[in-house]
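Just below is one structure, and these are the notes that go with it.
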Amino acid sequence: MADEAYKLYPEGAGHLKIVQGTPAHQFFKRYGEAMPDGDWNHGGTKQGLYMIGPDGEYLEGKSAASGVPDDIQKRMERALKRWRGLRRQKNYANTPVPKVVTTLPPHVDGKDFVLCVHSRDLPRGEGDQGRRFDPNVDLKVRWSDFRKWAWNVNWLAVDKWRVLVPAGKQREDVDSAFVTKLAREMLIDNVRGQARVWSEAAVKNAKLTMLGVRSHDSTKIMYRGEVELDDGLRTMKLKLLGDAVYDHDQGRFRELRIVALGMRQGSQRVSQREDDSGPAPIGFAINLYRPPESGDGPDQQRKSGK
């Protein structure tokens, strides 16, 4: 697995006390204590690449893995060799690979209305900043080149989503509480790393209007707006444009998408913007999450947006 793994083996004594004795912590602790010196970060974060046996056995791994392809390949080869020996030693039986079903982050899983946002740098006229990922090139480079094509994903579950459906034929303001929540929790610069949500005080302006055109069974909606955020360390000024189709018979959106484009500036501790504080262009693509149309997962029984 590749994971931050903080909740499996946290750094602070207080957090460690919370997970003490839990099966997940004991499993990961057993693995970590078997890792060679230098590969396991005893005193800090446990972000890394880990290859683990069914009972927490060490196969291979490295905390804060560098992402160098040759190193990862060699570790995977060693892990497979160790696994073959471990399987014979403990008589582990091969089982079919489980069918993967669609899963969502825990804080939005099972919710009726979920928005997904993709964030990325946009081209700025020079260099490769903002270019698209090229697997023929980028799978062979070091982690430091990740910033040339970096992008990230964020999720938001919304209860009072019907504020996005206009009541009449005239242009209307979308509920300010919804727009503020969208700005605070989804329009964050986590393109390269991690970013906190914006505080309420950081929201200097958050406005979104909607205009609907009704047909016999649906309404086509056009959204326009702007957001300005400033917390003293970072700023964001964005224009919002979007459209949607609301199905009156089904009582749900057939589709909904909003893009936010503009300029960001500044950085924070783990955003990996220390050498690129801007100002520079950034973009967000917000879409209504739609469950896959085929498969056996629980998402098949849930109608997003109902």
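For the reader, a short list of remarks on this structure follows.
- The stretch 16-54: number of residues that are surrounded by fewer than 17 Cβ atoms within 10 Å (Cβ to Cβ), modelled with pLDDT under 75 and not β-branched (V, I, T): 3
- K181 surrounded by 17 or more Cβ atoms within 10 Å (Cβ to Cβ), among the basic types (K, R) and modelled with pLDDT of 85 or more: yes
- S271 being at negative phi and at pLDDT 75 or above: yes
- D249 being in contact (Cβ under 8 Å) with a residue 60 or more places away in the chain and among the charged types (D, E, K, R): no
- Checking each residue in the stretch 192-209 for being in contact with a helix residue (DSSP H, G or I) (Cβ under 8 Å, 6 or more places away or on another chain) and either touching a residue at least 24 places away in the same chain (Cβ under 8 Å) or not assigned by TED's automatic domain parsing to the domain that holds M236 (or both) picks out R192, W198, S199, A202, V203, A206, K207, L208.
- Pairs where the first residue, in the stretch 60-80, is part of a loop (DSSP other than H, G, I, E, B) and the second is at pLDDT 80 or above and not hydrophobic (A, V, I, L, M, F, W, C), C-beta under 9 Å, 6+ apart: A64/G48; A65/G48; A65/Y50; A65/D71; A65/R75
The values are calculated or read from the model by the stated rules, or taken from the named source; none is laboratory data. None of the values given here were measured: they were computed from a predicted structure. Neighbour counts run over all protein chains shown; Cβ positions are idealised from the backbone, glycine included.
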